[in-house]
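Mind looking over this structure? Questions follow.
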Amino acid sequence: MGAVGLLYVGAVLFINGMMLLKKIDPRAAGIFNLFVGSMQVITPTVLIITNPGNAAQILGASGIYLFGFTYLYVGINLLGGFDSTGVGYFSLFVAIMAIGYAYANFQLLGDPAFGVIWLYWGFLWFLFFVLLGLKHEQITRYTGWVTAIQGWVTAAIPAFMILTGYWRNTNLIAFILAVFGVVVFIGLWPLTRGREPAAAAPSDETVGARDRRHRPRWT
């Protein structure tokens, strides 16, 4: 993934994490998802067209579409107020494919750091599947924190390190990322689990209005 595009993936993940934590209005987040989603569809297309004989470049570019389509899908859902189930099941597809891309980075591309990062993304997109596809709203807070943290750890910081020439010892970086991910994401679970506000029982008059209000909000 191009370092510039990766930087803005970090931004959109941070924005979406803050949205899930109810710090940002969903419609405002939807607009930024469209910006980054468009960027992440145009970028791999250009890379593939300009490097038709470079198998490694095409492999790397192909994975960018997974994110581009996710953010476009999310942006359209948030702005249009559509049901999130489709995004959830597409996220399951992304989570499964992330395992393959992790393997490719470990075994084919010789980049263990991004191998670990793809595992991070697989875990995050699986959370999106559970939250949006299976509608387990009790993990909203946990997913929000994981999303926001991954925006920095898997995208913004690595992108800045690549752009400034500090992305060097990828074996050490992979080890640090692996330890950080296990400790932080396990530690977050008891701190966020079950802390979603309980919803009041709705009256008959407000059921329809509540459903319409929550559709754009991923939950």
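The values are calculated or read from the model by the stated rules, or taken from the named source; none is laboratory data. A quick note: this is a predicted structure, and the numbers were derived from the prediction, not measured. Heads up, the Cβs are rebuilt from the backbone with ideal geometry, glycines too, and the neighbour counts pull from every protein chain shown. Accessible surface is based on the protein model in full, side chains and every heavy atom, while ligands, DNA and RNA are left aside. Shrake-Rupley method; radii C 1.70, N 1.55, O 1.52, S 1.80 Å.
Measuring from label point to label point, each 7 Å out along Cα→Cβ, what is the I96 to L172 span in nm?
3.9 nm
Sum -39500 (n - 2.57) across every DSSP H segment of at least 4 residues in the chain, then divide by the residue count to get the 222 nm mean residue ellipticity, nearest 500.
Working: 9 runs with 155 residues, N = 219.
Estimated from H runs of four or more residues: -24000 deg cm²/dmol.
Sticking with this structure for a sec: So, by mean Cβ neighbours within 10 angstrom, what's the order for 35-44, 18-27 with the highest one leading?
Values: 35-44: 19.3, 18-27: 17.6.
Those peptides, ordered most packed to least, come out 35-44, 18-27.
Stretched out fully, how many nm does the piece from T164 to A3 gain, at 0.36 nm a residue minus the Cα gap? Intermediate values should be presented prior to the final figure.
Numbers: separation 161, 0.36 × 161 = 57.96 nm, distance 1.02 nm.
My answer for the length gained is 56.9 nm.
Taking a point 7 angstrom from the Cα of I24 along the C-beta vector, which residues in the stretch 142-157 have backbone N less than 16 Å away?
Hits in the stretch 142-157 for I24 at 16 Å: 143-157.
Next question, about the same structure. Return the distance in nm (one decimal) between the two label points of a simple spin-label model at V182 and T45, each offset 7 Å from Cα along Cα→Cβ.
4.2 nm
Based on DSSP H assignment, which helices of the chain show an axial Cα extent of at least 30 Å together with a mean Kyte-Doolittle hydropathy greater than or equal to -0.5? Don't jump to the answer; show the numbers that get you there.
Working: long enough: 26-50 (36 Å, 1.24); 55-80 (38 Å, 1.28); 170-192 (31 Å, 2.14).
Span-like helices, by this rule, are 26-50, 55-80, 170-192.
What accessible area per residue, rounded to a whole number of Å², is obtained for the chain using a probe radius of 1.4 Å?
Result: 50 Å² of accessible area for each residue.
Quick check of the Kirkwood formula: for the chain, what is the inverse mean of 1/r over all pairs of different Cα atoms, in Å? Present the calculation step by step, with values, prior to reporting the outcome.
On the way: mean 1/r = 0.0557 Å⁻¹.
Result for the chain, one decimal place: 17.9 Å.
How much length would be gained if the chain were fully extended between S62 and F123, taking 0.36 nm per residue of separation minus their Cα-Cα distance, in nm to one decimal?
Numbers: separation 61, 0.36 × 61 = 21.96 nm, distance 1.93 nm.
Net length gain for the segment: 20.0 nm.
In the chain, what percent of the accessible surface is made up of carbon and sulfur (1.4 Å probe, ligands and nucleic acids excluded)? Write down the numbers at each step before the final one.
Values: 7510 of 10960 Å².
The computed percentage sits at 69.
About the Cα centre of the chain, how large is the charge dipole given +1 on each Lys and Arg Cβ and -1 on each Asp and Glu Cβ? Please answer in debye to the nearest 20. Working shown, then result.
Details: 13 positive and 8 negative charges, 67 e Å.
Value, rounded to 20: 320 debye.
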